[in-house]
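All remarks here apply to the structure that follows.
Please treat every number below as a calculation from the coordinates, not as lab data. Computed from a predicted structure; not experimentally measured. Because the Cβ atoms are built from the backbone with ideal geometry, glycine has one as well, and the counts that use them run over all protein chains shown.
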Amino acid sequence: MSTKPRFGGAPKCGRCGKSVYTAEERLAAGKSWHYIPCFTCKLCNKTLQSTTVAENMKSHEIYCKSCYGKNFGPKGYGYGAGAGTLSMDGGDKGWATDNAPLSEALYNNKYLGGNECGRCGGSVYTAEEQIAAGLSWHKSCFLCKSCNKRLDSTTVQESIEEQDIYCQACYGRLFGPKGYGYGAGAGALSNTGKVQGY
């Protein structure tokens with residue numbers, strides 16, 4: 001199945017063969033992929049990220065690192081039993097000879113177009129962009145820096161100095177007023193003075 005565009009259109013997805021447009025495109029194994037639902041492991045169907053994808057350049061297919069290692073990784077005594085027992089007895093310098101090939105794009109380009117995400121540094125395209133603290137954010141990265149609570153436009157608190165975002169509770173705790181009477185809730189703030197006329 002060819003992933004080359006026909007008549008100047010969008011490239012075709014390596015999994016489903018349909019057109020892939022820039023906002024949803026992931027690049028791996030020399031092909032374009034829809035981020036959802038096609039950028040998944042060929043064997044276990046786990047959704048992949050740029051840090052979890054392993055490419056098989058011979059078949060131009062993508063896998064999670066676990067499935068790639070089981071099916072295409074080094075074989076023999078000492079492999080697959082955990083890093084503590086990994087034996088490197090292959091290759092002319094003692095290195096394993098059949099490791100997962102790495103895409104140069106993952107190392108040469110921190111992000112491929114779009115705006116840079118304030119949390120993960122990846123590409124943020126218009127369809128998924130959230131804007132706060134002067135930066136762009138993926139919807140999945142639009143989380144409180146302190147407690148990882150999911151935020152939206154009504155709950156986000158911006159720290160312009162740090163160029164980061166917080167939920168209202170964490171922002172108040174970190175940047176709100178300090179001292180006696182603050183932070184214990186409205187019930188703890190009381191006026192102990194006598195009111196005249198009562």
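Around residue 66, under 13 Å between beta carbons, what's the net of Lys plus Arg minus Asp minus Glu among the other residues?
Here the count lands on +4.
Would you please give the FRET efficiency between residue 44 and residue 129, computed as 1/(1 + (r/R0)^6) with r the Cβ-Cβ distance and R0 = 30 Å, to the nearest 0.05?
Efficiency at R0 = 30 Å is approximately 0.50.
Taking the Cβ of residue 159 as the centre, find all other residues whose Cβ is under 14 Å away and add up their charges (Lys, Arg: +1; Asp, Glu: -1).
-1
So which of 46/145; 18/139; 12/42 end up more than 21 Å apart by C-alpha?
Over 21 Å apart, Cα to Cα: 46/145; 18/139.
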